[in-house]
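The values are calculated or read from the model by the stated rules, or taken from the named source; none is laboratory data. Remember, predicted model here, so these are calculated numbers, not experimental data. For neighbour counting, all protein chains shown are included, and Cβ atoms are generated from backbone atoms with ideal geometry for every residue, glycine included.
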Amino acid sequence: MGLDTKTVEKKLICQIAAILAVDSKKIKPEVPLQALGVDSLSFVELLVFIEKEFKIQLLSSGLQTEDFKTISSLAKRISKQ
């Protein structure tokens, strides 16, 4: 895919900030998604964004539950796709 982890992380932070209607500066990549306020509905929005933005088929991507713990862990995994 060719995207570095920091680029993926920035895109995820911007999208999560938009979904949650908060300032992106308030979102720390090492904080668990749940603690940021990501609920089931906003999580689905995030999944749709990931599929479209990074061209990843989530069902066949091999992403695991632990990959979704924080923005950092998710960015690392996506950048390896």
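So Ile16 fits all but one of (1) part of a helix (DSSP H, G or I); (2) surrounded by fewer than 11 Cβ atoms within 10 Å (Cβ to Cβ); (3) modelled with pLDDT of 95 or more; what number is the exception?
(2)
Output the number of residues of the range 38-66 satisfying the condition of being modelled with pLDDT under 95 and touching a Lys or Arg at 6+ places or on another chain (Cβ under 7 Å).
Count: 1.
Considering Leu3, Leu63, Leu46, which residue is within 21 Å of Lys80 (Cβ to Cβ), surrounded by 11 or more Cβ atoms within 10 Å (Cβ to Cβ) and touching a Ser or Thr at 6+ places or on another chain (Cβ under 6 Å)?
Leu3
For the range 62-79, give me each residue that is without any contact (Cβ under 8 Å) to a residue 24 or more places away in the chain and out of contact with any Asp or Glu (no Cβ under 9 Å at 6 or more places or on another chain).
Within the range 62-79, Gly62, Leu63, Gln64, Thr65, Glu66, Asp67 qualify.
Surrounded by fewer than 17 Cβ atoms within 10 Å (Cβ to Cβ), under 17 Å from Ile78 (Cβ atoms), over 11 Å from the mean Cα position of the chain (by Cα) and at pLDDT 95 or above: is that true of Lys25 in this structure?
No: the conditions fail for Lys25.
Looking at the range 19-81, what helices (runs of 4 or more DSSP H) fall wholly within it and have at least 2 residues that are of a type outside the set (A, V, I, L, M, F, W, C) and more than 16 Å from Glu9 (Cβ to Cβ)?
40-54
So which of Val48, Val38, Val8, Val44 ends up being among the β-branched types (Val, Ile, Thr) and touching a residue at least 24 places away in the same chain (Cβ under 8 Å)?
The match here is Val8.
Within the range 28-38, which residues are surrounded by fewer than 12 Cβ atoms within 10 Å (Cβ to Cβ) and not small (Gly, Ala, Ser)?
Glu30
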